[in-house]
Every structure is written in C-alpha cells, then in structure tokens.
Number of protein chains: 2
Amino acid sequence: MEPAADRSRRNFSLLEARALLERTPAIVDAWLRGLPDEWTRANEGGESWSPFDVLGHYIHGERTDWIPRLARILEHGTAVPFDKFDRFAQFRDSAGKSLPELLDEFARLRAGSLSALDAFALDEAALDRRGQHPALGEVTVRQLLATWVAHDNDHLVQIARVLANQYADEVGPWRAFLRVISGQPG
Amino acid sequence: MEPAADRSRRNFSLLEARALLERTPAIVDAWLRGLPDEWTRANEGGESWSPFDVLGHYIHGERTDWIPRLARILEHGTAVPFDKFDRFAQFRDSAGKSLPELLDEFARLRAGSLSALDAFALDEAALDRRGQHPALGEVTVRQLLATWVAHDNDHLVQIARVLANQYADEVGPWRAFLRVISGQPG
C-alpha cells in the first residue's frame, strides 16, 4: 500500500497562485454584497477590523504592495528596499465609501494586478530573484507571490471569524463545538 | 461624544441569519469551482479535512442536522432528543463524487432548507422553544439557528486556513506576518 501523499503543503506554482488570486474578489462579493451594514462593519472589539476594513486593506495592497514590490525587485533587485506597507491606510482611504464601491474597486484593481503579473511573464529565474524587505531582509519573487495568496486567505479567515463571533453568545451551549468561537478544535 | 457601539456581537435576527445562510453556497462556489484537485483535496495533515470534505460535511448538515432538528423541536420539544450528528459521514457519502457535484448538491439542499425555514414562519415564541441535544442538554430554536450561521463560517475559516497553509513554507520570512500560518496576530 502506498503511503498517503502529504496534502498539507504545495510547491509554489505561478499558474495555481494566479487561479487562487483571481477568485478572491468574487468570494468577497458573494459573501458581503447586500449584507446589512451591521454585519459588514462588525468587528472583534476595540481596534480590530471589520469585513469593510479588510476590503480596504486588500485595495491598498493592490495599489502599493504586491505588484509594486514585484516591479521593484525586477527593476532594482535588493538595491532599493520595498516601501513600507501601511496597514492602517484603509481607515483613511475607505472613509465615505460604500461597501459595493469597495467591492467594485477591489475587483477592478485585482484584475489589473493579474494583467500586470501576466505581462511580466515570469520564468523560474525571475521567481528566484531577490528583493529587500524593510523589516524581513532578503525575500524572493516566489515568496512574495506565495505570500499574496496566503495573505488573501488570511483575511478570508478573518472575515469568517468576525462574522461567526457575532453570534458567540447567541449559540449558547453549542459554543463548545464551534472552534471559531471556543478557540478549540470542535 | 457617544461611546462607540459594541460591534463584536449581534442579537439573533431570523432575517439576518437567513441572509447569511443563503450566501454560503455562492461563497464556496466562487472559491472552489475550477480549482485544481490538489487544492480542493488539500488538508492540514493526518485526518484533517479538505475543502472537499467540508463541502460533504455541509451537505450532511443540510440532510440531517439543521432543518431536521428544527422540525424535531417544533414537533416534540424536549421529549425526543435530536439524533446524533455524524461528523464523518462525508467520507462515505462524498466517495466517487466530483467537487462540482458537491457544490451543486449543497446549493440545491441549502435552498430547500431555507424554503423549509420560511415555511415554518417562526415567531419569537417559536424561537424560544426548547429541544434536547444528546450531549449539550436543552437548547433553543434561536440557538440552533445562530449555530447554523456560526457553523457555516467556522468551516469557511477552515477552508481559508487549509488553503493558506499550503504555502506555509513557500512564504519564507513572511510567515511571521501571516496570522493564519504563524498562529500569532500578524
């Protein structure tokens, strides 16, 4: 009998990463468009982020992080470090905008990012090229693109967690069976 | 200056819960349909679940958990406990099925569940009715329905976490900034 393959890790694939990145705007659209504001502006207390805030953060990433950093590496290698990423830009940039506007903006920007990615026509050598992160030191194009995918999903986790926890009290004794609420595997 | 409202909890609302429940099939459809099998069958190692397994679990819930338990309460109150829920049924039921088949089946079953929910025309008194959970004891209709919502989102967390962690190695030093991978707030 063959041993089961390890299904917990994938090697980076540009084609697969692109397929995952392309889906994110449609996922958040299906999830959030038309929900009452009380849900899209819900958070986990204090300064924690709402789904609305996450959308603004995605948008800021499209504008200043992923493709600009890729371009920086391809143009300058490690000679010019990345600009720092502002994790709080969305609180300024999203002010006065509606959730549907943010969804539309994210979809438009992500499509543009993927067109830019395609235009770079990255080969294996390009994926190995190195840039300089201001805090983390040397990183590769491959790591940048893998992080883009993981980052999308990190904030999808956040959206689901924020929404689930709105009913942390209302679920009553079922709390024990809901990992997202109890913090324990359910 | 008024104190900020608590945005971390919502009181249960049948209308809002329905709006959230209605979205889940479209969310997983946008997320998973057309992805390579290596991603939809990915897991977190060992006996942990893949997105494919989660879909089967959602389907089993539609068939045996949410509406059947609601009907049990409305018919029998606490006199007849719920049937136990089989958390592993999907490994049997999904065998030989394709991911698109599961997506279609879940969408069809969820739509039927919501029609059944509507047909019960639950009022506040009905939401307070009590049933008997085989392990948790007395629970209310309100708690059951809130749990349905939280449970959907609990497994959306799981899907995002499984996908993000496929690149846990490929992200390199960015691991430190990705909460879903590091386990720390990023």
Fill in the blank from the handout: In chain A the accessible area split gives carbon plus sulfur, as whole percent at 1.4 Å, a share of 50
Problem - Cα pair count fraction exceeding 16 Å, expressed as % - the stretch B:92-166 - result: 68
Exercise for the section: Starting from the Cα of B:LYS84, draw a straight line to each of the lysines and keep only those under 30 Å, dropping any in the same chain fewer than 8 residues away. Expected result: B:LYS97
Handout entry: Assigned charges on the beta-carbon of Lys, Arg, Asp, Glu; the stretch A:1-131 dipole about Cα centre (debye)
Key = 200
Exercise for the section: Find every distance from the label point of A:PHE88 to the corresponding label point in the other copies (7 Å from Cα along Cα→Cβ) and write them in nm, one decimal, shortest first. Expected result: 4.9
Exercise for the section: Using the 7 Å Cα-to-Cβ label point, sort the distances from A:GLY34 to its equivalents in the other copies shortest first and give them in nm to one decimal. Expected result: 2.0
Practice task
Ignoring ligands, DNA and RNA and using a 1.4 Å probe, state the total buried accessible area between A and B in Å², rounded to the nearest 100.
Solution key: 6000
Fill in the blank from the handout: For chain A, the charge dipole (Cβ of Lys, Arg +1; Cβ of Asp, Glu -1; about the Cα centre) points to a positive end, and the Cα of A:PHE91, A:HIS133, A:TRP49 closest to that extreme belongs to A:HIS133
Exercise for the section: Evaluate the distance, in nm, between pseudo-label points positioned 7 Å from the Cα of B:ALA111 and of A:ALA71 along their respective Cα→Cβ axes. Expected result: 4.4
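I need the shape label for the protein assembly as shown. Rule: rounded when a/c is under 1.5, else prolate if a/b > b/c, else oblate, with a, b, c from the alpha carbon gyration tensor.
Taking the square roots of the gyration eigenvalues as a ≥ b ≥ c, the protein assembly as shown is prolate.
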Exercise for the section: For the stretch B:3-24 and the stretch A:107-122, compute the distance between their C-alpha centroids and round to whole Å. Expected result: 35
Completion exercise
Regression test value, accessible area per residue of the protein assembly as shown, probe 1.4 Å, units Å², expected 44
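The values are calculated or read from the model by the stated rules, or taken from the named source; none is laboratory data. Every value quoted in this text rests on a predicted model; they were computed, and no experiment measured them. In this analysis, Cβ positions are derived from the backbone assuming ideal geometry, glycine residues included, and neighbour counts consider all displayed protein chains. These accessible areas exclude ligands, DNA and RNA; they are computed on the full protein's heavy atoms, side chains included. Shrake-Rupley method; radii C 1.70, N 1.55, O 1.52, S 1.80 Å.
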